[in-house]
Amino acid sequence: MKKIFIIAAIATGLGGGLAQAQTDTQRKADTLDQLLDMVRTRTLEDRSEIKKREKEFDAARDRQAALLAQAKKKRDAAEQESRNLEGQFDKNKTAIAAKQQALRDKLGSLKELFGIFQQQAGDLLGVVESSPTSAQFPNRGEFLQAFAKKMGKSSQISTIEEIERMWFELQREMTETGKVVRFSAPVLLAEGNEETREVIRVGAFNVISSNPAGKYLVWRDETQKLAELKRQPSDRYLSSAKDFANSRENYAGFAMDPTGGSLLARLVQSPDLIERIQQGGLVGYIILALGAVALLVALERIILLSVTGMKMKNQLSRIDQPDLKNPLGRVLQAYHENRGVDAETLEMKLGKAILRELPSVNRGLMFLKIIAVMAPLLGLLGTVTGMINTFQAITLFGTGDPKTMAGGISQALVTTVLGLTVAIPTVFLHTMASGRAKAIAHTLTEQSAGLVAEYMESRGKGAAAQPA
């Protein structure tokens, strides 16, 4: 193989030399002798180069052989070390198993006890992390978490001090849930910043701020801090909380949430009156506007008719002195102006005077009646519109999320309530105003009939006295 390689190299060199010689001949050779000398010189140089390369190949082969021998030596050493380590590993494994068995034999029933400790520590950790007492006694969770983790390892044994510490934390949590305590703690305000404030903890149920007094706080498990509610409950709950915070008596009333915050969260989420009205949408605003107009008209009618009734009552005691500022006085004035006519004409004149007064007496009553009828119809319109929005939401988003349907359902229910809320008082006010108007009309008719009867009676007596 080596010889073949050398011959190939020589052939290659000769070929290259001939090519180079041909090139040089083309450039420099002028005669055949010069060309022969140039070929001879190039051949000698090529042979020298070939020998040099052979020496380099031999040296590289020797080096590769040495490296191969060295690598085999390292491999044999590594294999021996691996066999030694495997033997040592097996010995260690056997020793560890023996020691673990010895540890289990020594632990005996203590292993069950440590399992109970681990379970109780985990349960207590969940309790203290969700309890507002942690605002007063922070960093309890770190100890309980480390203790439960330690009890989960069979190779570690808890100390008497750690067991007593867990018992103490359990007893302290039970004791503190029955106390009302004032203390200072960091509070996350609704604006987003943190501030240290004096707070009052009512057992494990509620926490309120003492300065400023009366604001409900909530314990955040994720941040392990007290936070101010972005939206407080209604004023009646805040007033009781404020009175409780400012009280220095042994006993005081307080609106407490026995669920630890669930009821308070629902109270906060429940919409107030303004939000309820906003849920009614455009139809709700129209109903309220009509209700406001109906209320103003009804109050104006009731007050004006009541005043008119009082003036007519005073006019009854002064029949001969008609006052033109009330309907009865104007009817009496028509009677006095037409006393010389016959009874039929006088009756017609008085009827005309009464008819002239009735429009002002009955003014606005029909409007109240119309609103009393329209308000429930508008509520029904809002109900239908809300249900249409609900079905559109169901079509677009499905029934998976009830919140997408809440807007339409709220509008449907709120507009119905608003319509009835406006219609019922409007019917009552219309009845009151209509009753006063009918009383005035009845008084005018009654007095007119009485005047005509008295006039006819006086005329009959005069006619009877004249022939005598």
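Laboratory data are not the source of any read-out in this text; all were calculated from the coordinates shown. Here the structure is a predicted model, which means the values were calculated and not measured. Cβ atoms come from the backbone with ideal geometry, glycine included; neighbour counts cover every protein chain shown.
Couple of notes before you dig in:
- Packing-based ranking, highest mean first, of 308-319, 379-390, 170-181 given that Cβ atoms within 10 Å are counted: 379-390, 308-319, 170-181
- Peptide ranges 112-125, 190-203 listed from the most packed, as the mean C-beta count within 10 angstrom indicates: 112-125, 190-203
- Cα-projected label distance for D62 with K179, points at 7 Å along beta-carbon direction, nm: 9.2 nm
- The Cβ shell under 14 Å around K349 holds other residues with a net charge of -1, Lys and Arg each +1, Asp and Glu each -1.
- With a cut-off of 10 Å between beta carbons, the residues surrounding L188 carry a summed charge of -2, where Lys and Arg count +1 and Asp and Glu -1.
- Whether the stretch 172-242 is rounded, prolate or oblate, judged on the alpha carbon gyration tensor where a/c under 1.5 counts as rounded: oblate
- Spacing of the modelled spin labels on D33 and E79, each 7 Å from Cα toward Cβ, amounts to 7.2 nm.
- You can think of it this way: the chain between R318 and E275 has 9.8 nm of extra reach, that is 0.36 nm per residue less the Cα-Cα gap.
- Each peptide in 320-330, 131-141 receives the mean, over its residues, of other Cβ atoms within 10 Å, and ordering these scores from highest gives 131-141, 320-330.
- Inter-probe distance in nm under a simple model that places probes 7 Å from Cα toward Cβ, at S130 and E249: 3.5 nm
- For R266 and R220, a Förster radius of 25 Å and the Cβ-Cβ distance give a FRET efficiency of 0.90, rounded to the nearest 0.05.
- Centroid-to-centroid, using Cα positions, the stretch 34-58 and the stretch 233-285 are 109 Å apart.
- For K179, neighbours were defined as the other residues whose beta-carbon sits under 13 Å from its Cβ, and their charges (Lys and Arg +1, Asp and Glu -1) total +1.
- Too-long pairs where the Cα-Cα distance tops 22 Å, listed order kept, from K179/K225; K51/K73; K149/K225: K51/K73; K149/K225
- For the stretch 324-363, the spread of Cα positions along each principal axis, largest first, Å: 33, 17, 8
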